[in-house]
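Visitor: Once you've had a glance at the structure underneath, I'll fire off some questions.
Nothing in this text is a laboratory measurement; each read-out follows from the coordinates by a stated rule. A quick note: this is a predicted structure, and the numbers were derived from the prediction, not measured. Methodologically, a virtual Cβ is constructed for each residue, glycine included, from the backbone with ideal geometry; neighbour enumeration extends over all protein chains shown.
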Amino acid sequence: MYLVADINVDICAQTSCKLCTQYCPEANTILYNDQLGKEKGYKYGAAYVAVDRCKGCAQCVWVCDNMAKHHAIKMVMIDQLPKAAITDNVMYGEKSTTALLASPVVG
Ligand code: SF4
Ligand code: SF4
């Protein structure tokens, strides 16, 4: 088990700052979805993490906390993510894929 970044859509979608997407050292790991926030009634989309690519460095947490000052990202154990966070919204370009996990997630 290991830590991955998890973005709170309710906070992120109020700003649409996209700052974290410019600082993650892993390519195509923090992505942005125009619909994520709008589905919840917010004006903007939100950033999200392709958790199968996240290396757990927490750089995005520092950026969101200290540069953006929005406090929308937390590190969580991958087996404690909601299932939807792992299987939904994992997109590479136009192609969706299912994240590969070291062990199955319950719930
Ligand atoms: S830095 Fe924070 S508020 Fe800005 S896009 Fe990333 S998660 Fe959202
Ligand atoms: S923890 Fe590191 S690798 Fe994972 S999304 Fe944040 S910046 Fe990228």
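Visitor: Between residue 80 and residue 27, with labels modelled 7 Å along Cα→Cβ, what's the label distance in nm to one decimal, could you check?
Guide: Result: 3.3 nm between the two label points.
Visitor: How far, in nm, would the chain grow between residue 19 and residue 40 when pulled straight, counting 0.36 nm per residue and subtracting the alpha carbon separation? All intermediate terms of the calculation are to be shown ahead of the outcome.
Guide: Numbers: separation 21, 0.36 × 21 = 7.56 nm, distance 2.11 nm.
Length gained, residue 19 through residue 40: 5.5 nm.
Visitor: Same structure, new question: Name all residues of the stretch 15-43 having a backbone nitrogen under 18 Å from the label point set 7 Å from the Cα of residue 67 along its Cα→Cβ direction, giving them as ranges.
Guide: Hits in the stretch 15-43 for residue 67 at 18 Å: 15-33.
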